[in-house]
Amino acid sequence: MPAFRPLVTVLAAPALLLLTGCERPAPQVTVFSGPRSDHVEATCWSAEGARATPEDCQVKAERVGSLTIAPGDTIGISVDQAAAEDGGWMPTIGDARLVPKPLTSTYHRFQLSERDLAAGQLELRIYAVDGEATRGLWVFRLRGR
């Protein structure tokens, strides 16, 4: 039995290094309307309740979702549980909040009118928040059809 102990130590050390190098993936958000949907990983994410910096939250083109919607259609937002925890999450279009206070559920729905969509493309931003601090950001482009 003692002869196996060095072998186990030699095999366990690289496995431990591999496990410590792994990060949990950033949470995803899905936006859908009718049969169409798109999901993206967070542009920035701070898992341990720390504040994400503005530099972390620069919008990256490969992490911007896109969805074509019709006026009056219900638009749904589904966030991973991690985004709803702690301070919750806040959906916005431009500078306008879609809800008065952060949501702690994982789902929210809303509608946009023809007038809302007349401006062309709208940017839907979903912020994971903790008080005044931003913990994460997801970005979607909404276009009328």
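FYI, it's all coordinate maths here, none of it is from the lab. For clarity, every value in this text was computed on a predicted model and none was experimentally measured. Cβ sites come from the backbone with ideal geometry, for glycine too, and all protein chains shown count toward neighbours.
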| note | Total charge of the residues flanking Glu132 in space, meaning their Cβ is under 15 Å from its Cβ, with Lys and Arg +1 and Asp and Glu -1, is +2
| request: Could I have the simple spin-label model distance between Arg143 and Leu122, label points 7 Å from Cα toward Cβ, reported in nm to one decimal? | output: 1.6 nm
| task | Sort the following peptides by mean Cβ neighbour count (other Cβ atoms within 10 Å, averaged over residues), highest first: 73-81, 118-126. | result | 73-81, 118-126
| remark: To the nearest 0.05, the calculated FRET efficiency linking Gln111 and Arg63 through their beta-carbon distance, R0 being 25 Å, is 0.45
